[in-house]
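The values are calculated or read from the model by the stated rules, or taken from the named source; none is laboratory data. Just so it is clear, the model here is predicted, and its values are computed rather than measured. Note: ideal-geometry Cβ built from the backbone for every residue, glycine included; neighbour counts use all protein chains shown. With ligands, DNA and RNA removed, areas are computed over all heavy atoms of the protein, side chains included. Shrake-Rupley method; radii C 1.70, N 1.55, O 1.52, S 1.80 Å.
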Amino acid sequence: MEIQSLKLLLTDADLEAFLTKSPPTDEPIEDLQARFSPDGVVVSGRYPTPFFAVNFETTWQLIAAGPEVRAKLVNVRVLGLPGNVLSGALMKMIRDAVEGRAGVRVDGETVVVHVAEAARPLGVEVLVDFTAVRLSIGAAVIEVGSSAQ
């Protein structure tokens, strides 16, 4: 059996359910939220510090890349101001968090998920060829199929 093409619709509600089921374990982020926009996946929340909680918002561009889905950090805002100088520290935190996880790596300012490798430890064998990610307000459509189509 072979799936030759597939379109997966994800909504903001799906992102919320994912965050509820799989919250970050190592970092004490408060009010963590994610939503789809035409520019990417917007992730926001508050990071507690000894003095006060720091509001942040990041935007991640999703890229279909054959067997991988890539999330490239394209914007960082901290306390409502551009925070791109903090992107290196953010990517280091993410790199440390995914270290040792099958199929997930950080390459510069991009989180790369090789879906087949990530699914294998879960007992799932899957071969995919991601061909497109289409974003809109509140939703994303991820297309999988033969790149020769």
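Using C-alpha pairs below 8 Å separated by at least 6 residues, the relative contact order for the range 18-113 is 17 percent. The mean sequence distance of close C-alpha pairs (under 8 Å, at least 6 residues apart), as a share of the length of the range 57-149, puts its relative contact order at 26 percent. For Phe130, Phe18, Phe51, the ranking by accessible surface with the largest value first comes to Phe51, Phe18, Phe130, using a 1.4 Å probe. For the range 62-141, rounded, prolate or oblate, judged on the Cα gyration tensor with a ≥ b ≥ c (square roots of eigenvalues), a/c < 1.5 rounded, else prolate if a/b > b/c? It is oblate, given that a/c is not under 1.5 and a/b is not larger than b/c. Rounded, prolate or oblate: pick one for the chain, where a ≥ b ≥ c are the square roots of the eigenvalues of its C-alpha gyration tensor, a/c under 1.5 means rounded, and failing that, prolate if a/b is larger than b/c, else oblate. Prolate, since a/c reaches 1.5 and a/b exceeds b/c. Which residue fluctuates the most in the chain, going by a Gaussian network model with Cα springs under 10 Å, if the choices are Gly66, Gly45, Gly100? Ranking Gly66, Gly45, Gly100 by mean-square fluctuation puts Gly100 first. Relative to a virtual label point 7 Å from the Cα of Thr49 in the Cα→beta-carbon direction, which members of the range 89-130 show backbone nitrogen distances below 11 Å? Flagged as within label range: none. Exposure check, 1.4 Å probe, all protein chains in place: Ser44 carries approximately 30 Å² of accessible surface.
When the Gaussian network model of the chain links Cα atoms closer than 10 Å, the mean-square fluctuations of Gly103, Gly123, Gly138 top out at Gly123. Build a GNM of the chain with springs between Cα atoms under 10 Å apart, and of Val85, Val111, Val42 the one that fluctuates most is Val85.
Around the Cα centre of the range 54-149, unit charges on the Cβ atoms of Lys, Arg, Asp and Glu (plus for the first two, minus for the last two) sum to a dipole of about 220 debye.
Mean residue ellipticity at 222 nm, helices only, the chain: -5000 deg cm²/dmol; runs of at least 4 DSSP H residues each add -39,500 (n - 2.57), and the sum is divided by the number of residues. Ordering Val41, Ile142, Ala118 by the projection of their Cα atoms onto the charge dipole of the chain, which places +1 on the Cβ of Lys and Arg and -1 on the Cβ of Asp and Glu, puts Val41 at the extreme positive end.
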